[in-house]
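The block underneath contains the structure these notes are about, expressed in structure tokens.
The values are calculated or read from the model by the stated rules, or taken from the named source; none is laboratory data. Predicted model, so just to flag it, every value in this text is computed and none were measured. Quick reminder, even Gly has a Cβ in these numbers, built from the backbone with ideal geometry, and neighbours come from all protein chains shown. The protein model used for the area step is the full one, side chains on, heavy atoms only, and it has no ligands, DNA or RNA in it. Shrake-Rupley method; radii C 1.70, N 1.55, O 1.52, S 1.80 Å.
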Amino acid sequence: MRNKIYSLISATCGFLLLACGSNGKQMPAAATEAIQVPVFDADSAYAYTEAQVAFGPRVPNTPQHVACGEFLADKLEEFGAKVTNQYADLIAFDGTVLKARNIIGAYSPEKKKRIALFAHWDTRKWADADPDEKNWNTPILGANDAASGVGVLLEIARAIRNNEPELGVDIIFFDAEDYGEPRFSGGKHLDTYWCLGSQYWSRVPHVEGYNARFGILLDMVGGKDARFYKEYYSMKFARDICQKVWTKAKEIGYSDYFIDEQKGAATDDHLFVNEIARIKTIDIIPHSDKDSFFAFWHTVNDTMENIDRKTLRAVGETILNVLYTEK
């Protein structure tokens, strides 16, 4: 782990008392105040992503899901967060009762001004977008969807534990996001069949009356050559937050990843946080003209071979810079 810090220097005005004869005039002198942004370690984020995949598919109601949940809660606690586990029985589209667990890590929970960072940590029960029909009932490993987003947030948690930003931060891992009806089913395929953990949290937050200045959702943020466009619902509900994040990405050299154009709409956790919790939230999610998200989305090939440290770094550094420049 590297312990270096980036310094973003902002000019401030100070005053130096100078004795000028007997009139005691005050003359201005320059001073600076450093905003210290921790380094984002992409190797560390990659390792946290890999550690989740090592459990196997993290489908609700499986031992692998339970074990990974313990790992994530322990990591947040290790990194200095106040951890809340929100357990709930959530009803899936087919009537299955999912033993779900939203995991929340709060930094400076006493602060009223807060930023929420989200990712889902469960994986898809069906590889229903796989080109081989024989794989459709196979659970996916979910390296990109969604271990990558969780991996980035765990590295952010590690980075800020000894150098917290000015605002309070909540890192929230949603469960039961990816248990929506499979595409080979003949059902209704409603939007509300997805994102069950975020729907629950938005109605029953971990803190009564919880609010945040804004939220940022990370989903599928580790793929090679990923391109993140401004997603439709993000722009509808939180256009100013999109602008804030994409501008910061450009400032620090990641405009090749964060494309300053709007494309596509994603039924994702941010939709329900916006609609139910009324917290302005954006979704950092890839878009491919050919495959909607990425070529191996909801297939058995969503494995670590497709995870790129450069993409993890682009997203992680952008988020950290947003956190530490928010006043």
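Which one of 150, 92, 38 is farthest out on the positive end of the charge dipole of the chain, using unit charges on Cβ (Lys, Arg +1; Asp, Glu -1) and the Cα centre as origin?
Value computed over the given set: 38.
Grab the DSSP H runs of the chain that are 4 residues or longer, score each as -39,500 (n - 2.57), total them, divide by all residues and round the 222 nm result to the nearest 500 deg cm²/dmol. Write down the numbers at each step before the final one.
Working: 7 runs with 89 residues, N = 327.
That calculation yields -8500 deg cm²/dmol at 222 nm.
Note down the relative contact order for the chain as a percent, whole number, built from C-alpha pairs under 8 angstrom at least six residues apart. Write down the numbers at each step before the final one.
On the way: 707 pairs, mean separation 67.7, N = 327.
Taking the mean separation of contacting Cα pairs over the length of the chain, I get 21 percent.
Would you be so kind as to identify all helices of the chain, as entire DSSP H runs, whose Cα atoms reach 18 Å or more along the helix's own axis and whose mean Kyte-Doolittle hydropathy is at least 0.0? Walk me through the numbers before you get to the answer.
Details: long enough: 63-78 (22 Å, -0.37); 232-251 (24 Å, -0.81); 309-325 (24 Å, 0.14).
Long hydrophobic helices here: 309-325.
Please list, ordered by chain and number, the residues whose modelled amide H lies under 5 Å from the amide H of residue 228; skip anything fewer than 5 residues away on the same chain.
258, 259
May I ask you to give the percent of accessible area on segment 204-327 that is carbon plus sulfur, with a probe radius of 1.4 Å?
On the way: 2290 of 5220 Å².
In segment 204-327, the share of accessible area belonging to carbon and sulfur is 44 percent.
Taking only pairs that are 8 or more places apart or on different chains, how many Lys pairs in segment 78-174 have Cα atoms under 29 angstrom apart? Could the numbers behind the result be given before it?
Values: 82/99; 82/111; 82/112; 82/113; 99/125; 99/134; 125/134.
The number of close lysine pairs in segment 78-174 is 7.
Can you bin every Cα-Cα distance in segment 183-327 into 5 Å intervals starting at zero and give me the percent of pairs per bin, rounded to whole numbers?
For segment 183-327, the binned pair fractions read 2, 9, 18, 20, 20, 16, 10, 4, 1, 0 percent.
Of all accessible surface on segment 75-137 at a 1.4 Å probe, what whole percent is carbon and sulfur?
Working: 1430 of 2940 Å².
Carbon and sulfur together cover 48 percent of it.
Send over a whole-number figure in Å² for the accessible area per residue of the chain, probe 1.4 Å. Please list the in-between numbers first.
Values: 14550 Å² over 327 residues.
For the chain, the per-residue accessible area is 44 Å².
Quick one, which of (i) 118; (ii) 176; (iii) 145 is the actual volume of the Cα convex hull per residue in Å³ calculated for this model?
Answer label, from the structure shown: (iii).
Using the Cα centre of segment 91-185 as origin and beta-carbon charges of +1 (Lys, Arg) and -1 (Asp, Glu), tell me which of 120, 141, 182 is placed farthest towards the positive end of the dipole.
Result: 120, furthest along the dipole toward the positive end.
What size of dipole, in debye to the nearest 20, comes out for segment 82-163 about its Cα centre when the only charges are +1 on Lys and Arg C-beta atoms and -1 on Asp and Glu C-beta atoms?
Details: 12 positive and 10 negative charges, 171 e Å.
Computed about the Cα centre, the dipole is about 820 debye.
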